[in-house]
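Peer 1: Below is a structure I'd like to ask you about.
We did not get these values from a lab; they are worked out from the coordinates using the rules stated. Small disclaimer: the values here were computed from a predicted structure and weren't measured. Please note: Cβ atoms are built from the backbone with ideal geometry, for glycine as well, and neighbour counts cover all protein chains shown.
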4 protein chains.
Amino acid sequence: MTAPQRRNPQTRDAILAAAFELCHERGYAAVTIEGVAARAGVGKQSIYRWWPSKGLLVLDAFRDHLDPRLATPPAADLPLAGLPELLQRTAALLSDPRYGRMLADLVAAAQHDPALAKDFHEKVYRPNREGTLDRIHRAQRAGELRDIDPDLVADLLFGPLWFRLLLMQSPPTPEYANRVIETTLAGLRPA
Amino acid sequence: MTAPQRRNPQTRDAILAAAFELCHERGYAAVTIEGVAARAGVGKQSIYRWWPSKGLLVLDAFRDHLDPRLATPPAADLPLAGLPELLQRTAALLSDPRYGRMLADLVAAAQHDPALAKDFHEKVYRPNREGTLDRIHRAQRAGELRDIDPDLVADLLFGPLWFRLLLMQSPPTPEYANRVIETTLAGLRPA
Amino acid sequence: MTAPQRRNPQTRDAILAAAFELCHERGYAAVTIEGVAARAGVGKQSIYRWWPSKGLLVLDAFRDHLDPRLATPPAADLPLAGLPELLQRTAALLSDPRYGRMLADLVAAAQHDPALAKDFHEKVYRPNREGTLDRIHRAQRAGELRDIDPDLVADLLFGPLWFRLLLMQSPPTPEYANRVIETTLAGLRPA
Amino acid sequence: MTAPQRRNPQTRDAILAAAFELCHERGYAAVTIEGVAARAGVGKQSIYRWWPSKGLLVLDAFRDHLDPRLATPPAADLPLAGLPELLQRTAALLSDPRYGRMLADLVAAAQHDPALAKDFHEKVYRPNREGTLDRIHRAQRAGELRDIDPDLVADLLFGPLWFRLLLMQSPPTPEYANRVIETTLAGLRPA
DNA sequence: CTATAATCGAGACGGTACGTCATGTCTTCTT
DNA sequence: AAGAAGACATGACGTACCGTCTCGATTATAG
């Protein structure tokens, strides 16, 4: 038993870059394994060897280009454990022309691709969700939030942002994120 | 000189039924014009003659089977102009195994199909949205809601429901809808 | 039940012509369904719709271009029922640069393609064989040949021609065919 | 300056055995360098290092398993210098289920592989041919055969055998070989 | 008794072609 | 006309092998 040739990182990078660029220039629907292979100067097999589907490839390409932005900023000792900042950053990402459409398309593709859905959850959704829940906990312990199921709180805050991205023509701005959090904090009932 | 034959309603119905059933049994991604034609016992041309794309066909099939459920119930003189009931009905629809997935798939497909997006907006989204805004107005005039941009209010209420349908594994239940409206009304700030 | 669109003869001809030309210019091994489709300006499916394999396609292309030459000339009342002429024509065909190689390649491909073997037999081999056996019969009845199993006689006459085509570098010339028939008639035993 | 490691005979044998067996079980067309490597438990490179093509590999595998049978038996002082025996042995080989098909496939492959054709000629065809010509010479000198071009004589005797192997469904039996030689000796002309 | 260099297994890689599927357009014939 | 049937050019799918390449591990002399 001897060691085989290892995965070539240049190939990997060329593929991810090509996927990302194509997704950008022509949109997710126009991304094609053949197109990615051609643009990356790579055989199709080299894609299928490492990624089982277009969806997971684009997801990886997305994450490869985004890592720093996805990192949740420190909870610090900001008011509300930094929840307002987090919400604004999310809105900025969703409305960023480079990433918003791609995220929307990935979420869309995940609707009929369980493997993609699973990966999206584990690699993108869950990490962010956990950071969010942690912040909510801190804010609750600090007495800044009512003692409600943090999962519900997270939904109330982030649901409207995704709603605008996916169902309306206009993705959410940071300003919109502010109005969401302020209104949610205060409630809808008249004083 | 004879009159041209008009559109055959049986053909139309067979196509819509086939599309709906296929979408159900195998999922939106597996719906195919050829498959619909075969199942409906119809020539492909008879589909292309009347629908420009798979997305719009499925949307029509969906609406054909759903019309009564989509009709917004009367605002009546329920508390909050019936907003809680509306939210529950929506949650019930989104979590209905027959319609939830299909709606999610349609919204997903609309992400990269402008024509479908347009139609979905005009035929599904806007009518419901207008009913919602109307209710919010009434509730505000009745002094049951603060005087905030009704669009924002609508987002805050419905965003979480779609968020659960599209981004989480579990679609929203009517019970969940209740918690959303109650919490939103009261706000997150501790008493 | 209505009538579908019929097979388009122009498509058929373009495919056969492309196959024949490619087989010529680059040899049978280099003939490719994709190549034929490209050269014929045709979709691959249009080839697969009508031919199950490359071998049968090339065989058809061959026959399409050859029909007149394959037609056995009349037995007439030539000596030996025209067997010498038939043998010469065969040799001429096998050594014709346009058809010899192609025939050799088809026979070769038939070695591991039962469907091709079957078709080759029915469409090429058998018709010629039957003509040959008929001539042998006539010659026997005319007292010009001994009364031996005509199948064996046919093998003795044609075997050497194919032997030269398939196993030696040099295909048989009509002159060679003459020597074969003369020697076979006279036998190898010294006088 | 040190001596390189020599070729490993176990590897060589494993490859030839795998090639031979695969060619048997699935037929020449299904033999694949990758398949041979897998079956032999060998890297592909170890095949490409020593054989330039599938054809030459299979030819080697064939010869490796056959050598004794291919050796022409001694001309002895049998009648006709043992030509009848040689013809029967050849027929037996061509109709042997283990070797006939393989030989046919090799001859077939040689039609569009000059390197294979060359090797087949030098290693298989020519040695046998020379033995045959030698026998014919002896028989002629012994006055048992007419004084005709020995090459033609060889063609007349062996052509029919290969004809049956390559163009008809049934390979030649030793009994058939007998009829060939007897009839050829006597000639086709009536007495 | 090392040092070195070819052999070997494994398998990644850029390619080419495979045979299949669905697209949207077209043509044909039937009602 | 509208409709069922399906041929057609197109283009992507995912797979199979090709022949080349790189990667350690493994010998087997030549120094």
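Peer 1: Taking the Cα centre as origin and putting +1 on Lys and Arg beta-carbons and -1 on Asp and Glu beta-carbons, what dipole magnitude results for the protein assembly as shown, to the nearest 20 debye?
Peer 2: It comes to approximately 240 debye.
Peer 1: Taking Cα atoms, how many degrees apart are the long axis of helix C:174-186 and the longest axis of chain C, rounded to 10 and kept between 0 and 90?
Peer 2: Here the helix axis deviates by roughly 40 degrees.
Peer 1: Now for a separate question. Round to the nearest 10 and give me the degree value, 0 to 90, for the angle of helix B:100-110's Cα axis relative to the longest principal axis of chain B.
Peer 2: Result, in degrees: 80.
Peer 1: Another question, if that's okay. Suppose only helical runs count, i.e. DSSP H with n ≥ 4. What mean residue ellipticity at 222 nm does that imply for the protein assembly as shown under -39500 (n - 2.57) per run, divided by all residues and rounded to the nearest 500 deg cm²/dmol?
Peer 2: Calculated mean residue ellipticity at 222 nm is -20500 deg cm²/dmol.
Peer 1: Looking only at other chains, what is the average number of their beta-carbon atoms within 10 angstrom of each beta-carbon in B:166-172?
Peer 2: Taking the mean over all residues of the peptide, I get 5.
Peer 1: Sticking with this one: If you place +1 on the Cβ of every Lys and Arg, -1 on the Cβ of every Asp and Glu, and leave all else neutral, what size is the dipole of the stretch B:21-131 about its Cα centre, to the nearest 20 Debye?
Peer 2: 260 debye
Peer 1: Mind putting together the pair-distance distribution for the protein assembly as shown? All Cα pairs, 10 Å bins, whole percent per bin, short to long.
Peer 2: Result returned by the calculation: 2, 11, 15, 15, 12, 10, 10, 9, 7, 5, 3, 1, 0, 0.
Peer 1: Can I ask one more? Which residue, D:G159, C:S95, B:L161, has the largest displacement toward the positive end of the dipole of the protein assembly as shown when charges sit on each Cβ (Lys, Arg +1; Asp, Glu -1)?
Peer 2: C:S95
Peer 1: As I understand it, the dipole of chain C uses +1 on the Cβ of Lys and Arg and -1 on the Cβ of Asp and Glu, about the Cα centre. Which of C:G143, C:A104, C:W50 lies farthest toward its positive end?
Peer 2: In chain C, that residue is C:W50.
Peer 1: Quick one: check the C-alpha center-to-center distance for the stretch D:143-163 versus the stretch B:90-138, whole angstrom.
Peer 2: About 88 Å separates the Cα centre of the stretch D:143-163 from the one of the stretch B:90-138.
Peer 1: Could you compute the net charge surrounding C:R101? Neighbours are other residues with a C-beta less than 12 Å from the C-beta of C:R101; K and R count +1, D and E count -1.
Peer 2: For residues surrounding C:R101, the net value is -1.
Peer 1: Give the average, rounded to an integer, of partner chain Cβ atoms located within 10 angstrom of each Cβ in D:175-185.
Peer 2: 3
Peer 1: If you don't mind, another one. Which of the peptides D:54-64, B:155-165, B:24-34, C:47-57 is most tightly packed, and how do the rest follow, going by the mean number of other Cβ atoms within 10 Å of each residue?
Peer 2: Peptide ranking by packing, descending: B:155-165, D:54-64, C:47-57, B:24-34.
Peer 1: Helix D:150-167 versus the longest principal axis of chain D: what angle, 0 to 90°, nearest 10, using Cα atoms?
Peer 2: 60 degrees
Peer 1: Checking the cross-link filter: which lysines have an alpha carbon closer than 22 Å to that of C:K44, excluding same-chain neighbours under 8 positions apart?
Peer 2: Those lysines meeting the cut-off are A:K44, B:K44, C:K54.
Peer 1: State the answer as a single residue: which of B:A14, B:P114, B:A38 lies farthest towards the positive end of the charge dipole of the protein assembly as shown, with beta carbon charges of +1 for Lys and Arg and -1 for Asp and Glu, about the Cα centre.
Peer 2: B:P114
Peer 1: Same structure, new question: Where the only charges are on Cβ atoms (+1 Lys, Arg; -1 Asp, Glu), what is the dipole of chain D about its Cα centre, to the nearest 20 debye?
Peer 2: Numbers: 24 positive and 23 negative charges, 97 e Å.
Rounded to the nearest 20 debye, it is 460 debye.
Peer 1: If you count, for every residue in B:102-112, the Cβ atoms of partner chains within 10 Å of its Cβ, what is the mean?
Peer 2: Neighbouring Cβ atoms belonging to other protein chains average 5 per residue here.
Peer 1: How big is D, in µm² s⁻¹, for the stretch D:9-65 by Stokes-Einstein at 4 °C and 1.567 mPa s if Rh is the Kirkwood radius over C-alpha pairs?
Peer 2: For the chosen part, D equals 121 µm²/s.
Peer 1: Where does chain A land on Rg(C-alpha)/(2.2 N^0.38 Å)?
Peer 2: 1.20
Peer 1: With a sphere of radius 10 Å drawn around the Cβ of D:P79, what net charge do the other residues whose Cβ falls strictly inside it have (Lys, Arg +1; Asp, Glu -1)?
Peer 2: Neighbourhood net charge equals -3.
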